[in-house]
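The values are calculated or read from the model by the stated rules, or taken from the named source; none is laboratory data. Note that the structure is predicted; figures quoted are calculated from it, not measured. In this analysis, Cβ positions are derived from the backbone assuming ideal geometry, glycine residues included, and neighbour counts consider all displayed protein chains. Surface areas here come from the heavy atoms of the whole protein model, side chains and all, with no ligands, DNA or RNA. Shrake-Rupley method; radii C 1.70, N 1.55, O 1.52, S 1.80 Å.
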Amino acid sequence: MKSMRLFRKREEGVASRGAQGPATGQTRRSWLDRTGLAALALSITGIGSAFVRSLFPNVLYEPAQRFKAGLPEQFSEGATFLEDQRVYVFREQKTFYCISAVCTHLGCTVKMVNLNQPKTVTIGGRQVQERREFHCPCHGSRYYSDGTNYSGPAPTPLAWHKLEIAPDDGSLIVDLSTKVGRDFRLTV
Amino acid sequence: MDTTKTRSTGKEVWRRLTWTWSPAGSREAGDSVVRNFILHWFPAKVSLPSLSYGYSFWLGTVSAVLFLILSLTGMILMFLYVPSVERAYQSVKDIEFVVSFGWFLRGLHRIAAHLMVAVVFLHMVRVFLTAAYRNGAGANQARPLNWIIGVTLLLATFLLSFTGYLLPWDQLAFWAITVGTNIASAAPLVGEKIRFLLLGGNTIDQNALLRFYVLHCFFLPVLVLFLFCWHMWRVRKDGGLACVDHLALSQKKEPAAPVKAKTYSLLGLARGRTVHVETALVDEDRYTVDSSPNLTRRLLVATLATMLVCSLLTIAVPTPLEEAANPKVTPNPAKAPWYFLWLQELVTITTVQLGDFTINGALIGGILVPGILVALACAWPFLDRSSPAAVGVWLARERRRQNLVFLIIVAAVVILTIVGTFMRGPYWKFFWPWQAWPDVPVHF
């Protein structure tokens, strides 16, 4: 650093004039220089980190991650898309499960596509007959009906979210903050 | 009233206003560079090759003029735009349809932004192909540093574009920011934190809009302005354009004319000779001319041409505004602007499966590949072992191999951009440009 060299020049000048400089070139002035610079660096770091920290919000005014989606009987058989929360809730008579519509590649909303003809696929060693799939419009990722990714850039399956029944009014609660396995079923 | 006196007063006023760029002689031209605030950027004398349109295409100047246009239009747009989730889209619509000449302001801002990305990129290509990032004949040159400043300016230009197209808060904005911030979150360890910091939360909402607005209108322009000043200062310190080094080197082969003892000092304040004079070991009278008016005239021509092209394009090309941002509906296909489509292609094709382990294309195509390209660009001047004779020469023979590698990378980026722009349809499927896209439902 040029400024440091500037300081050093002066202190060498002082030392050569016979001030209290020991043989190492250490003087009171150079010690004060260094301490001052260290204090400046420390205070800039401290204030700087306070500024950065202030940009991480402590309170978020965002929609709740756990919400009531309505009474179970209001859901029709098959898939219901909750577009505000970007999840699909599936009803198979008395059982319910919930699959996220957020593509695991880059977060676009996947669309459910009903197949013209059912096709037989192997998922996890099991033969399954598929009637619908999820396709992502952004980069073309494809998922089977249980969210298993099989084509395109998506690295992982679609998330499954936990469902509960509200103890007060019997509504279906979707918990976006809790992920569950693909064998999860809520029976009502 | 004495008309002769009025006329001579008028002439005097005109002369006082213009004398620095229409000097009466060399002495006044040199004097003007020292005494004029704007002209003091320039050297008193400038070599003929650096004035050539064919060598540099004046792309750096054009970028600077575009930045000026963007700053001016941007400042006016700031008076008209409201950075609020509820009102942003409506205020942009007002600018487009209600404000007098609002459509022109917004169109000019958009066209200049698109051109700036293209021109800064082409400027980089020019500098590479002429090896202008290398030190040549002059003393105390640090051209590799200036190249790195230039690469940073290119990145800043991309960031300015990215933060800018979020602001209308339309569908393009919303989904571009969804994809963009998810790419950031794919970075190992700190990715999620960066996304949280960028958005000011977990969802794309008011905090995100305000952050991108402040970045777009304050932080990034100030960064670009600072880097631009540094860039220009270094060009002066490095002895002007690289073609001057080539001229100086080729001069030495000529029968030695005595080097003039005359030196230019910087306002008499700086000791020693300026770097420009150090490098210009050329016969000044044969190869150099006064900067004022020769350089200033071309500068004004480049400025006028840039403004003309921007204005005509603004009138000819309509400025699109998609539907208002709707988090419930992802457009199909959801495309970024053309200059990011090569990245969108990359993140699509680079997901890698290693046994049970999958690496997201967002990490490889969105972070690693661009990161490697930037690192490679910054390191290249230090890896280039060509001789000083290749500096400032278009497509020098001895740099043929590295020019080829560079052009292959450029071609790959261009091809991916073309594929992304013209050959991707719904669900990002491949379609030839003449193929019709199938109808797909927009909603679930």
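Can you check how the C-alpha radius of gyration of the stretch B:40-199 compares to 2.2 N^0.38 Å, as a plain ratio? My calculation over the Cα atoms of the stretch B:40-199 gives 1.30.
For the full complex of protein chains and a 1.4 angstrom probe, list B:226, B:174 by accessible area with the highest value first.
Numbers: B:226 125, B:174 20 Å².
Highest to lowest solvent-accessible surface, that is B:226, B:174.
Amide H of residue A:70: which non-local residues (sequence gap of 5 or more, or other chain) have their own amide H closer than 5 Å, using H built in the peptide plane? For residue A:70, the qualifying residues are A:172.
Can you flag which of A:94/A:119; A:111/B:193; B:93/B:328; A:119/A:179; A:68/A:162; B:335/B:429 are past 19 Å Cα-Cα?
On the way: A:94/A:119 26 Å; A:111/B:193 28 Å; B:93/B:328 21 Å; A:119/A:179 28 Å; A:68/A:162 12 Å; B:335/B:429 12 Å.
Exceeds cut-off: A:94/A:119; A:111/B:193; B:93/B:328; A:119/A:179.
Each pair of Cα atoms in the stretch A:66-187 enters the Kirkwood radius, and Stokes-Einstein at 10 °C and 1.306 mPa s then converts it into a translational diffusion coefficient of 107 µm²/s.
Over 19 Å apart: what share of the alpha carbon pairs of the stretch B:352-444 falls there, rounded to a whole percent?
Details: 2773 of 4278 pairs.
Tail fraction, whole percent: 65.
Estimated at the nearest 10 Å², the accessible area of residue B:53 is 100 Å² with a 1.4 Å probe. In order along the stretch A:89-99, the Karplus-derived 3J(HN,Hα) couplings, from 6.51 cos²θ - 1.76 cosθ + 1.60 at θ = phi - 60°, round to 9, 9, 10, 10, 6, 9, 10, 10, 8, 9, 10 Hz, and Gly and Pro are given as x. Normalised by the number of residues in chain B, the mean separation of alpha-carbon contacts (under 8 Å, six or more apart) gives a relative contact order of 23 percent. The residue list A:50, B:60, B:189 was ranked by how far each Cα lies along the charge dipole of the protein assembly as shown toward its positive end, using unit charges on Cβ atoms, and B:60 comes out on top.
Quick one: ranking B:434, B:147, B:41 by accessible area, 1.4 Å probe, largest first, what do you get?
On the way: B:434 195, B:147 20, B:41 135 Å².
Per-residue accessible area, sorted high to low, gives B:434, B:41, B:147.
Averaging 1/r across all pairs of distinct Cα atoms in the protein assembly as shown and inverting the result yields a Kirkwood radius of 29.4 Å.
Here r is the Cβ-Cβ distance between residue A:113 and residue B:125 and R0 is 45 Å; the resulting FRET efficiency, rounded to 0.05, is 0.60. Only protein heavy atoms count here; under a 1.4 Å probe, residue B:98 has an accessible surface of about 110 Å². The three principal axes of the C-alpha atoms in chain B carry coordinate ranges of 79, 70, 43 Å, sorted with the longest axis first.
Label zone of residue B:313 (point 7 Å out along Cα→Cβ, amide N under 15 Å): in the stretch B:64-104 this covers B:64-71.
Computed from the C-beta positions of residue A:168 and residue A:50 and an R0 of 51 Å, the FRET efficiency is 0.70 to the nearest 0.05.
Basic side chains Lys and Arg get +1 at the Cβ, acidic Asp and Glu get -1 at the Cβ, and with that the dipole of chain A about its Cα centre reaches some 1500 debye.
Would you kindly give the portion of the calculated P(r) for the stretch B:392-444 that falls above 14 Å, as a percent of all Cα pairs? Before the final figure, lay out each step's value.
Details: 921 of 1378 pairs.
That fraction is 67 percent.
Return the value, in Å² to the nearest 100, of accessible area buried between chains A and B (probe 1.4 Å, both sides summed). All intermediate terms of the calculation are to be shown ahead of the outcome.
Values: alone 12570 and 24810 Å², together 34640 Å².
For chain A against chain B, roughly 2700 Å² becomes buried.
In this label model, residue A:126 and residue A:84 are separated by 3.4 nm, measuring between points 7 Å along each Cα→Cβ vector. Largest accessible area first, the listed residues A:34, B:424, B:401 line up as B:401, A:34, B:424 when surface is computed with a 1.4 Å probe on the assembled protein chains.
Based on the inverse mean of 1/r over its pairs of different Cα atoms, what is the Kirkwood hydrodynamic radius of the stretch B:47-117, in Å? Walk me through the numbers on the way to the answer.
Details: mean 1/r = 0.0724 Å⁻¹.
After inverting the mean inverse Cα-Cα distance, the result is 13.8 Å.
Computed about its Cα centre, the charge dipole of chain B is approximately 1380 debye, with only Lys, Arg, Asp and Glu carrying charge at their Cβ.
Per-residue surface analysis assigns residue B:417 an accessible area of about 20 Å², computed on protein heavy atoms at 1.4 Å probe radius.
Treat the stretch B:161-247 as a sphere of radius equal to its Kirkwood radius over Cα pairs and apply Stokes-Einstein at 25 °C in a medium of 0.890 mPa s; give the translational diffusion coefficient in µm²/s, rounded to a whole number. Write out the running numbers ahead of the final one.
Working: Rh = 15.2 Å.
Translational diffusion coefficient: 161 µm²/s.
What you get for the protein assembly as shown, charging only the Cβ of Lys and Arg (+1) and of Asp and Glu (-1), is a dipole of about 2700 debye around the Cα centre. I want the local charge near residue B:149. Using Cβ-Cβ distances under 13 Å, sum +1 for each Lys or Arg and -1 for each Asp or Glu among the other residues. Net of charged neighbours comes to +2.
Computed extension length for residue B:94-residue B:385: 99.2 nm, one decimal, from 0.36 nm per residue of separation with the Cα-Cα distance subtracted.
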